[in-house]
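The values are calculated or read from the model by the stated rules, or taken from the named source; none is laboratory data. These numbers come from a predicted model, not from an experiment. Ideal geometry is used to build each Cβ from the backbone, glycine not excepted, and the neighbour counts take in all protein chains shown. Note: areas computed on protein heavy atoms with side chains; ligands, DNA, RNA excluded. Shrake-Rupley method; radii C 1.70, N 1.55, O 1.52, S 1.80 Å.
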Amino acid sequence: MRTRKTVLKDEKKRSLKTDDMVNDQFLLFNLLNSSTDRIYFKDLESRFIRVSKALAKRHGRSQKGMIGKTDFDLFGPIHAKQAFEDEQQIIKTEKPIIGKEEFEDLQNGKISWVNTSKMPLYNSDGKLIGTFGISRDVTRRKRAESIREALYYISEAVYSSKDITSLCEKIHSVISQLMPAKNFYISLYHEKTKVLTFPYYQDVHGAYKSSREITNGLIEYVLKTGKSELINAKRIRELKKKKKIESIELAAAIWLGVPLKADQKTIGAIVIQDYDNAHAFGDEELQILNFVAVQVASAIQRHITSEEIKKYTEELKTLNNTKDKLFSIISHDLRAPISGLLTFSELLLEDFESQSDYEKKLFVENLQSSMRNLFLFTENMLAWARLQSSGIKVNKQKIKLSDLINSVINTQLLNARNKGIKLRSSCPNNLEIYSDVNMIDTVIRNLLINAIKFTNNNGKIKISVVIKGNSVIVSVKDNGIGMSSELVNDLFNYESRKSREGTNHEKGSGLGMSICKEFIELNGGQIMVKSKPGEGTCVSFSIPINHSKKNRKYSE
């Protein structure tokens with residue numbers, strides 16, 4: 001039988017237990033509604049069963065509205081997947097995760113970082129029923145660290161990148177760690193040419209031009225003002241109304257452009273855009289990109305300067321090499337023909353009175369032939385020098401091909417007659433090509449001189465012309481001594497030139513065929529060689545044409 005004392009004691013215990021429960025609920029309520037940290041409780045399926053006010057506010061929901069949701073309803077796939085795996089690991093091992101820094105990709109495109117601790121959750125009977133955790137936002141600290149790292153990596157990229165494109169690739173990679181930058185490009189402004197170039201462009205739609213003239217668009221507005229711009233549909237309307245930009249439609253939902261400045265000049269802009277989410281970027285991203293842009297501009301400017309210095313050094317090296325080769329040619333190849341001319345003229349003068357008119361004529365003809373070949377060699381040498389220094393330009397015009405071929409043949413008739421060589425040509429009278437007349441003249445003349453040079457006395461040479469598709473094929477074919485495959489392979493390479501004497505000991509420089517190849521390629525064609533020792537040589541080249549009514553009847 002219970003005594004009064006026992007009853008009072010039991011009532012006191014119940015009262016104390018009720019007070020403890022009330023106090024625990026009160027404390028939990030205050031904790032969940034007053035803490036700035038994000039607190040949450042989840043079940044075994046990682047569904048929220050209780051959250052703090054700060055966490056609900058973070059996702060724009062009420063605390064009740066969070067119940068039953070998972071991280072997959074609130075975050076992007078990266079964070080949601082990792083958080084789920086961590087919580088399931090805690091449930092499996094009953095071991096907590098303490099002080100882990102987590103990357104959060106939110107569904108609105110924003111990026112944040114938290115320091116979080118997660119622990120197993122037990123009921124009053126000690127049974128595992130889920131997990132609970134607390135997260136503290138460390139985005140500002142993390143971004144400050146990321147910006148410092150970004151500046152370091154951008155600075156390092158200047159020295160490790162091979163060219164401006166690879167530098168921009170590394171810059172894109174770094175900025176992608178700070179904000180959503182799937183659609184990202186860098187534009188550079190060239191003041192002299194008034195042209196925008198795009199050394200780097202990454203966009204989900206893909207298509208872009210490598211360069212374009214200055215217009216009155218968004219990039220130009222950023223370049224003109226030297227200020228960053230966060231552009232949405234509303235801002236577009238404002239700029240149009242003020243006539244700051246042309247009447248253009250903004251393809252992206254949000255557009256962020258930041259100027260790149262170096263030496264107090266705006267040299268270009270960084271642009272990121274999002275086609276779907278109008279809230280992907282805000283003032284925070286604008287400030288971050290502004291901060292990074294200073295280092296990016298400096299890095300790009302240093303790289304451009306470095307490339308320009310390298311380019312000038314290579315050009316100077318090329319010019320020096322050209323000069324050395326030119327001096328070598330003059331001292332070696334030009335001396336012999338000039339010496340021959342002097343010898344001929346001295347012989348003519350010494351025995352002038354005793355020589356017959358026929359002998360004098362032969363001397364004069366030989367002098368004329370030597371002078372003509374010397375003139376051609378000098379032309380070739382100067383043309384080669386201009387080609388090496390990129391100082392030659394293509395001046396295309398309409399050419400009546402038959403007239404040009406006949407003119408070249410007339411200059412070489414004497415050389416051919418001296419060796420008893422028959423020259424024939426086959427070219428439609430009305431056929432016209434659109435090319436540089438001086439270059440094509442030089443090519444045909446070089447090919448004909450070579451054919452005469454390497455054809456035995458009483459040989460044959462034919463120049464033929466046919467049309468194949470959209471090209472004219474000109475061929476110079478002889479029945480001379482021909483060439484081995486080794487000689488053919490080295491024919492167009494000046495560095496490995498092997499100048500051969502002709503069948504009558506004619507000299508050459510080895511420059512002609514190299515020039516022919518470059519001249520034909522400058523006119524949009526190709527040069528081809530077929531030859532066998534003892535069977536002669538056929539050198540052909542193609543020149544593109546626009547088919548006219550005149551030309552079509554000769555087409556194959």
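Just to compare against my own numbers: the Cα pair-distance distribution for the stretch 123-267, 5 Å bins, whole % per bin, please.
So the P(r) values, bin by bin, are 2, 7, 13, 17, 18, 14, 9, 6, 3, 3, 3, 2, 2, 1, 0, 0, 0.
Residue separation times 0.36 nm, minus the C-alpha to C-alpha distance between Leu522 and Thr36: what's the value?
On the way: separation 486, 0.36 × 486 = 174.96 nm, distance 7.19 nm.
Full extension from Leu522 to Thr36 adds 167.8 nm.
Sticking with the crude label model, points 7 Å out along Cα→Cβ, report the distance from Asn123 to Phe492 in nm, one decimal please.
Each label point lies 7 Å from its Cα, and together they span 8.6 nm.
Relative to the present Cα-Cα distance, how much length would full extension add between Val364 and Asn418 at 0.36 nm per residue of separation?
Stretched out fully, the Val364 to Asn418 stretch lengthens by 18.1 nm.
Let's see if you can work this out: charge +1 on each Lys and Arg Cβ, -1 on each Asp and Glu Cβ, no other charges. What is the dipole magnitude of the stretch 422-545 about its Cα centre, in debye to the nearest 20?
480
Could you look at the stretch 60-149 and say what percent of its accessible area is carbon and sulfur, using a 1.4 Å probe and all protein chains?
Summing carbon and sulfur atoms, their accessible area is 54 percent of the total for the stretch 60-149.
Spin-label point model (7 Å from Cα, Cβ direction): what's the Lys393 to Glu101 distance in nm?
5.9
What is the calculated FRET efficiency for Asn438 to Arg237, with r their C-beta to C-beta distance and R₀ = 45 Å, to the nearest 0.05?
It comes to 0.20.
Can you run phi through the Karplus equation (6.51, -1.76, 1.60; θ = phi - 60°) for the stretch 284-297 and list ³J(HN,Hα) in whole Hz, with x for Gly and Pro?
Whole-Hz 3J(HN,Hα) from phi for the stretch 284-297: 5, 5, 4, 5, 4, 5, 4, 5, 6, 4, 4, 6, 4, 4.
For the stretch 140-293, with every protein chain kept in place, what is the accessible area per residue (1.4 Å probe, Å²)?
That works out to 56 Å² per residue.
Nearest 20 debye, what's the magnitude of the dipole of the stretch 27-159 about its Cα centre given +1 on Lys and Arg Cβ and -1 on Asp and Glu Cβ?
My answer is approximately 540 debye.
Hey, with R₀ at 25 Å, roughly what FRET efficiency would Arg212 and Lys244 work out to, going by the Cβ-Cβ distance, to 0.05?
Efficiency at R0 = 25 Å is approximately 0.85.
Sort 57-66, 457-466 by the packing proxy (mean of other Cβ within 10 Å over each peptide's residues), most packed first.
Packing proxy ranking, top to bottom: 457-466, 57-66.
For Lys53 and Tyr159, what is the calculated FRET efficiency with R₀ set at 56 Å and r taken between the beta-carbons, to the nearest 0.05?
Efficiency at R0 = 56 Å is approximately 0.65.
What are the equivalent ellipsoid semi-axes of the stretch 53-159, built from the alpha-carbon gyration tensor (square roots of five times its eigenvalues), in whole angstrom, biggest first?
31, 18, 12
Which of Lys100/Lys261; Lys261/Lys393; Lys110/Lys192; Lys162/Lys209; Lys192/Lys396; Lys360/Lys517 have a Cα-Cα distance over 30 Å?
Violating the 30 Å Cα-Cα cut-off are Lys100/Lys261; Lys261/Lys393; Lys110/Lys192; Lys360/Lys517.
Sort 403-414, 234-245 by the packing proxy (mean of other Cβ within 10 Å over each peptide's residues), most packed first.
Ranked from most to least packed, the peptides come out as 403-414, 234-245.
Give the long-range amide H neighbours of Gly76: residues separated by 5 or more places, or on another chain, with amide H under 5 Å away, using H modelled in the peptide plane at 1.01 Å from N.
Correct list: Asp105, Leu106, Gln107.
Quick check for you: which residues of the stretch 55-70 have the amide N under 20 Å from the point 7 Å beyond the Cα of Asn108 toward its beta carbon?
Zone members listed by number: 55-67, 69-70.
Sort 286-299, 194-207 by packing, meaning the average of other beta carbons within 10 Å per residue, with the highest value first. Numbers along the way, then the final one.
Details: 286-299: 19.1, 194-207: 14.5.
The densest-packed peptide leads the list: 286-299, 194-207.
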